[in-house]
Amino acid sequence: MKSFNEIPHGASGLWINPYKKPSAQAEYKISDAQIKDAQDRLLRFAPYIAKKFSETAANGGLIESELKEISRMGEEIYRSRGEKSPGRLFLKADSHLPIAGSVKARGGIYEVLRHAEDLAVQNGLLSYGDDYSILAGEKFTKFFSDYTVQVGSTGNLGLSIGIMSAALGFKVIIHMSADAKQWKKDLLRSRGAEVIEYPSDYTQAVKNGRLNSQKDPNSYFVDDEKSVDLFLGYATAGKRLKAQLEKQNITVDRAHPLMVYIPAGVGGAPGGISYSLKRIYGDNVHCFFAEPAECPSVLLGIATQQHENADVREYGFSGKTKADGLACPRPSGLVTGIMTQQLSGIFTVTDSELSAYMKMLNGTEGIRVEPSACAGFAGCSLLSFENGREYCEKHGLDENALSNSVHIVWATGGSMVPPGEYE
Ligand SMILES: *Cc1c(COP(=O)(O)O)cnc(C)c1O
């Protein structure tokens, strides 16, 4: 057994990243041009998305969620602790993203679209200047039916990839880990996807999916542990958030810092989102991840610099959590590498805290999200931790700056959870 004592076992904690560098000195492993290319690709596909998924039509085929101030929730959290709220609290409601009802509607759908575009362009069926709504036609669905898309998933990635791939006409095979909920498997099968179930954990489901896909030259594997495209899909969020903040007249600068708290599984979603925010706001944004207390894989990957080789179970954590979307015993090495110099820190949160936040969010704001999506509320405990207060001191987050601060809890999933399951 390897040992790691910087966070508690079985209780919540905060780890501050000692490798973080000031923005001007940090290394940027993904270029702005790559992120721009992803943004442009989503714009090309917007007419297709609007046509195929009517719930996105009002937003012109962009898959985007609301940024909502949740002051009642903020008051409740801080009142229960006898503290004053430091700044304003917002929810980024990716829990209610159209099509897939989770943050995976950013990365997962993006990668499927990219693959579809590559195939269609390479085969002379599509050019970049076309109106992509033609992709809804039979010529394309028939063409894509010769190809397979596969992915390993704890649930939500499978949903986003499965729904979008099936809509385009691809054959779909989803490799589900034991953590995946039955309703997610049922929903995927109802869309025509083949679901293969494993009695084992996420790392194993991904491994089998990868091997299965390699046997078929017409099969494409979305590799959650390695994919740059997934990361880029998530990274399109930064510019979208900036526009939403501006629309609500929210300034972000040295005197008005932005704090963002995002749940992490393998790290792709929170990594891509945070990275793009760092590119935009530099030192004025502080990005924290949140992980289950028993499954802090990204934390261990960065803290030990063992990246994808860090397995929570080798450090005495069970890897078990009600937060199925975060139940990844090993992180993405791609992401831990990219984020090592960017990330502020990682909160760990217990299952019972997740349940309490779920209840509180529904009670105060009437918003229903899944357990994983509540992990970001751990960020509201920043000042409860001694190392959190030290972090603030070191980064110029004094009382003045904090009173002007904006805190965004990124709610990453939940709108598709059936009501019975939610209860
Ligand atoms: C997948 C997922 C995350 C984390 O994304 P990773 O890319 O695995 O880090 C967070 N919340 C929910 C609800 C998810 O489905």
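Would the range 135-151 turn up any residue that is within 22 Å of residue 370 (Cα to Cα), touching a helix residue (DSSP H, G or I) at 6+ places or on another chain (Cβ under 7 Å) and surrounded by 19 or more Cβ atoms within 10 Å (Cβ to Cβ)?
Looking for residues that are within 22 Å of residue 370 (Cα to Cα), touching a helix residue (DSSP H, G or I) at 6+ places or on another chain (Cβ under 7 Å) and surrounded by 19 or more Cβ atoms within 10 Å (Cβ to Cβ), one finds at least one in the range 135-151, hence yes.
Mind listing whichever residues of the range 206-231 are surrounded by fewer than 15 Cβ atoms within 10 Å (Cβ to Cβ) and not in a helix (DSSP H, G or I)?
Residues satisfying the conditions are 215, 216, 217, 218.
Please go through (1) surrounded by fewer than 24 Cβ atoms within 10 Å (Cβ to Cβ); (2) modelled with pLDDT of 95 or more for residue 295 and return the number of the only condition it doesn't satisfy.
Unmet condition: (1).
Looking at (1) in contact with a His (Cβ under 7 Å, 6 or more places away or on another chain); (2) closer than 27 Å to residue 104 by Cα, which is the one condition that is false for residue 404?
The number of the failed condition is (2).
Could you tell me which of the residues 316, 301 is in contact (Cβ under 8 Å) with a residue 24 or more places away in the chain and touching a Pro at 6+ places or on another chain (Cβ under 9 Å)?
Exactly one residue qualifies, and that residue is 301.
Testing residue 84 on (1) free of Cβ contacts under 8 Å to residues at least 60 places away in the same chain; (2) at positive phi; (3) surrounded by fewer than 21 Cβ atoms within 10 Å (Cβ to Cβ), one condition comes back false. Which one is that?
Evaluating residue 84 over (1) free of Cβ contacts under 8 Å to residues at least 60 places away in the same chain; (2) at positive phi; (3) surrounded by fewer than 21 Cβ atoms within 10 Å (Cβ to Cβ) leaves (2) as the failure.
Kindly indicate whether residue 405 is of a type outside the set (A, V, I, L, M, F, W, C), touching a residue at least 60 places away in the same chain (Cβ under 8 Å) and either crowded, with 20+ Cβ neighbours inside 10 Å or within 16 Å of the ligand (Cβ to nearest atom) (or both).
yes
Return the total of residues in the range 174-205 being assigned to a loop (DSSP other than H, G, I, E, B), touching a strand residue (DSSP E or B) at 6+ places or on another chain (Cβ under 9 Å) and on the phi < 0 side of the Ramachandran plot.
6
Pairs only if they're at least six apart or on different chains, beta carbon under 9 angstrom, first in the range 95-122 and over 14 Å from residue 53 (Cβ atoms) and part of a helix (DSSP H, G or I), second more than 10 Å from the ligand (Cβ to nearest atom) and basic (Lys, Arg); list them, first residue then second.
As it stands, the answer is 95/368; 110/41; 114/41; 117/41; 117/44, since those pairs meet every condition given.
Taking only the range 158-183 into account, find how many residues are under 18 Å from residue 320 (Cβ atoms) and surrounded by 21 or more Cβ atoms within 10 Å (Cβ to Cβ).
4
Are any residues in the range 72-94 touching a Lys or Arg at 6+ places or on another chain (Cβ under 7 Å) and either part of a helix (DSSP H, G or I) or aromatic (Phe, Trp, Tyr) (or both), and if so, which ones?
78, 90 - these are the residues of the range 72-94 that are touching a Lys or Arg at 6+ places or on another chain (Cβ under 7 Å) and either part of a helix (DSSP H, G or I) or aromatic (Phe, Trp, Tyr) (or both).
Considering only the range 14-62, state which residues are more than 20 Å from the chain's Cα centre (by Cα), over 22 Å from residue 130 (Cα atoms) and basic (Lys, Arg).
Once the filter is applied, which keeps residues that are more than 20 Å from the chain's Cα centre (by Cα), over 22 Å from residue 130 (Cα atoms) and basic (Lys, Arg), the range 14-62 yields 20, 21.
Within the set of pairs 6 or more residues apart or between chains, which connect a residue that is within 10 Å of residue 412 (Cα to Cα) inside the range 366-388 to a residue that is within 16 Å of the ligand (Cβ to nearest atom) and charged (D, E, K, R) with Cβ atoms less than 6 Å apart?
Once the first residue is within 10 Å of residue 412 (Cα to Cα) and sits in the range 366-388, its partners that are within 16 Å of the ligand (Cβ to nearest atom) and charged (D, E, K, R) give 371/322.
Evaluate the following for residue 355: is it more than 26 Å from residue 275 (Cβ to Cβ), at pLDDT 95 or above and either within 19 Å of the chain's Cα centre (by Cα) or assigned to a helix (DSSP H, G or I) (or both)?
For residue 355, the condition - more than 26 Å from residue 275 (Cβ to Cβ), at pLDDT 95 or above and either within 19 Å of the chain's Cα centre (by Cα) or assigned to a helix (DSSP H, G or I) (or both) - is met.
List pairs: first residue in the range 256-280 and in contact (Cβ under 8 Å) with a residue 12 or more places away in the chain and under 15 Å from residue 89 (Cβ atoms), second residue assigned to a helix (DSSP H, G or I) and more than 16 Å from the ligand (Cβ to nearest atom) anywhere in the structure, Cβ distance under 7 angstrom, at least six positions apart or on different chains.
As it stands, the answer is 257/284; 257/401; 258/281; 258/284, since those pairs meet every condition given.
For the range 373-409, which positions are part of a loop (DSSP other than H, G, I, E, B) and either in contact with a strand residue (DSSP E or B) (Cβ under 9 Å, 6 or more places away or on another chain) or acidic (Asp, Glu) (or both)?
If the condition is that a residue be part of a loop (DSSP other than H, G, I, E, B) and either in contact with a strand residue (DSSP E or B) (Cβ under 9 Å, 6 or more places away or on another chain) or acidic (Asp, Glu) (or both), then 385, 395, 397, 398, 404, 405 are the ones that fit.
The values are calculated or read from the model by the stated rules, or taken from the named source; none is laboratory data. Just so you know, these numbers come straight off a predicted model, no measurement behind them. Heads up, the Cβs are rebuilt from the backbone with ideal geometry, glycines too, and the neighbour counts pull from every protein chain shown.
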